[in-house]
Amino acid sequence: MKALLKLSGIETWHGSICALKHVSLEVFQGQIAVLLGPNGAGKTTVLKTVMRSLYDQKRAQPEKGSIEFEGKRIDRLKTGEIVRRGIGCVPEGREIFPELTVRENILMGAYTRRGGKDIRADIETVYRYFPILRERKDRQAGYLSGGEQQLLAIARALMGRPKLLMLDEPSLGLSPMMTREIFEIIRSINLQEGMTVLVIEQNANIALQYAHYVFLLENGRVVHAGKPEVMKRDKRVREAYLGSSDNSSP
Amino acid sequence: MIAQLILEGIATGACYGLFAIAFVIIYKTSDVVNFSQAEMAMFCTYFMYHILSLYHVPFWISFLATLGFAAFLGIMLEYVFLRPARHSSTIGLIGITLGIEIILMGLAGWKWGAEQKEFVLPVSYSSTHTIFGDTFISDWAIALFVTTACVMTALYFFFKYTKPGIAMRAVQQNMYAARIVGVNTGAIFSLAWAMSSVIGTIAAMFFAAASTLDPQFMMTPFVRAFAAAVLGGIQSIPGVILGGLILGVAENVFGYVWPDSKPIVALIVIVLVLCFRPSGLFVRHYIKKV
């Protein structure tokens, strides 16, 4: 199988702290990959390193290693160019534009694209995925509920027509039901559009359920990787992330 | 008489408002109040004076050339002085704009001297039309109203319907998110400075035509326009125009009753608004949920 995104030996620094220590991972075409790990493990840093949205005052990040997307190195490109190459991103905490309307937020997702007709057609497509956004389209995005804002952030990322969609803790602050709904949407986008997805999660239960492949990140290192069935059986994963030793599903 | 006072107040107020739009644009994209706005506009007005009176370039050509120069000056100042410091605090950036102000004022004084010069627009301040009774309006005021209305309409459509316009608002609201959807934030800042400099220069031409041209001529209008911006809420373009109109009328009426105290009206307005309604009269601000 072909790796769409490949990180090799990535080292990223926050000032004098080494946040990622020789991280290597591959996200395969057409799969849902999950990056699992506790608070402070460096999950978000992985995403920000790929997007090149980390701004250290003096040094460009990552400090070491290479990132390849579709076989080409992207670790020295600007964020805008990375988006143009086909990586979409739903950041942690949603990061919508609170005083733009829902429609304008969605439109901003297509910022790097040209062609008004295609864009308008794609807006219709995301409205079909998320009917609630059509109902709210003229409302200021800041007044949406948390779950709706999460949907909006996903819709915005989809507007860039990414080949790889990265989501940073989409379950953050959402009810279990809403979390499940979001993951169902991720799965259906993966199936219907054939889009490759990389999800960053703390919620191991749900992540293991939807993933094709799982990476476990601790203290800035990938300590474990494998298929979810294998991971579920791993004793350490069960104790640390699934919170129990019995096999019952949530 | 009172009608005349109000009408003149509205005219001056529109000019304050127009000038205030200039710093609203920069404030909206970067949270920086640009204290060099007045001197940028002054410098560009001198540029126009120079090519008009020394090279006798036709008015409209020199007008357009000046707007082009204003855009260039804005982009250049942002790129040379503010961009290298973009990681520093807002107060630091404001300090830099004060530095730019001093540099530009020094340059203008060195190049064109401190004496007052006459700056002439095709629309005269002294050619007037009677509206009714003893109330009249000057060509200058008519041109100013038309210009202000055009600028406002253009900006409304720009911010509402164009891609760079929406992107400018997006950058102001959430710079990180704007970056990850692919916005080149540097280009947006350049655009903001260019637009702001152009609009400020247009306003300065009207001020210069109504008074005289010297290196300090924009100082007082700047303070008044700043008061207008504070009054209207420095975020909103219709807000600052309204703030400008209110201030212009208040100042004129107040100045008629107590002529000696006219200059302090703007300062009182700044202090009162900042004490009692710091976000301005017309701004409804979205407060982020935690």
## Note on the structure
Non-local residues with an amide H under 5 Å from the amide H of A:L35, with H modelled 1.01 Å from N and Pro and chain starts lacking one, are A:V199, A:I200, A:E201, A:F215
### Query
Considering the dipole of the range B:24-112 built from charges on the beta carbon (Lys and Arg +1, Asp and Glu -1) around the Cα centre, which of B:F59, B:P84, B:F47 is farthest to its positive end?
B:P84
### Query
Of B:V171, B:V240, B:V181, how do they rank once you tally other Cβ atoms within 10 Å and put the fewest first?
B:V171, B:V181, B:V240
### Task
Going by C-beta contacts inside 10 Å, put A:L167, B:L267 in order with the fewest on the left.
B:L267, A:L167
### Task
Let me know the charge dipole size of the range A:3-64 about its Cα centre in debye, to the nearest 20, where only the beta-carbon of Lys, Arg (+1) and Asp, Glu (-1) is charged.
120 debye
### Message
Could you tell me the center-to-center distance, by alpha carbons, between the range A:171-250 and the range B:70-98 in angstrom?
### Response
46 Å
### Message
For chain A, give me the percentage of DSSP beta bridges that are antiparallel, rounded to the nearest 5 percent.
### Response
55 percent
### Task
Once every Cα of the range B:2-276 carries one equal point scatterer and solvent is ignored, give the base-10 log of I(q)/I(0) from the Debye formula at q = 0.11 Å⁻¹, two decimals.
-0.62
#### Entry: For chain A: relative contact order, % (alpha-carbon pairs under 8 angstrom, 6 or more apart)
27 percent
## Note on the structure
For the range B:138-180, Rg(Cα) over 2.2 N^0.38 Å is 1.65
### Message
So if I take the alpha carbon set of the range A:103-246, get Rg, then get Rh from the Kirkwood formula, what is the Rg over Rh ratio?
### Response
1.02
## Note on the structure
Taking 0.36 nm per residue of separation between A:E70 and A:E124 and subtracting their Cα-Cα distance, the length gained on full extension comes to 16.6 nm
### Query
In what order do B:Y55, A:Y210, B:Y125 fall by count of nearby beta-carbon atoms within 10 Å, going from fewest to most?
B:Y55, B:Y125, A:Y210
## Note on the structure
Rounded to the nearest 0.05, FRET efficiency between A:S24 and B:K163 (Cβ-Cβ, R0 22 Å) equals 0.05
### Message
Set the bar at 22 Å for Cα to Cα. Now go through A:K48/A:K72; A:K2/A:K72; A:K48/B:K28 and name every pair that lies beyond it.
### Response
A:K48/B:K28
### Task
Run down the aspartates and glutamates and flag those whose C-alpha is under 17 Å from the C-alpha of A:K137, throwing out any fewer than 8 positions away in its chain.
A:E99, A:E104, A:D122, A:E124, A:E148
### Task
Take every Cα-Cα pair in the range A:51-168 and report what % of them are more than 25 Å apart.
28 percent
### Task
In a Gaussian network model over chain B where Cα atoms closer than 10 Å are linked, find which of B:A14, B:A209, B:A227 has the largest mean-square fluctuation.
B:A209
### Query
DSSP loop GluC sites (Glu not before Pro) in the range B:61-127 with at most 11 other Cβ atoms within 10 Å of their Cβ, which ones?
B:E115, B:E118
#### Entry: C-alpha center-to-center spacing [the range B:206-243, the range A:110-125] in angstrom
40 Å
#### Entry: Inter-label distance for B:I142 and B:V120, nm, one decimal - labels placed 7 Å from Cα along Cα-to-Cβ
2.0 nm
### Query
With each run of n ≥ 4 DSSP H residues scored as -39500 (n - 2.57), what mean residue ellipticity at 222 nm is computed for chain B after dividing by its residue count and rounding to the nearest 500 deg cm²/dmol?
-23500 deg cm²/dmol
### Query
Considering only DSSP beta bridges with both partners in the protein assembly as shown, what is the antiparallel share in %, to the nearest 5?
60 percent
### Message
In Å and on Cα atoms, what radius of gyration and Dmax does the protein assembly as shown show?
### Response
28.2, 94
### From phi via Karplus (6.51, -1.76, 1.60), per-residue ³J(HN,Hα) for the range A:185-200 in Hz, x at Gly/Pro
5, 4, 5, 6, 5, 4, 6, 6, 9, x, 7, 7, 10, 10, 10, 9
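None of the figures in this text is laboratory data; all of them are computed from the coordinates on show. Treat the numbers as computed from the prediction; the structure is a model and nothing was measured. Glycine also receives a Cβ, built like all others from the backbone with ideal geometry; neighbour counts cover every protein chain displayed.
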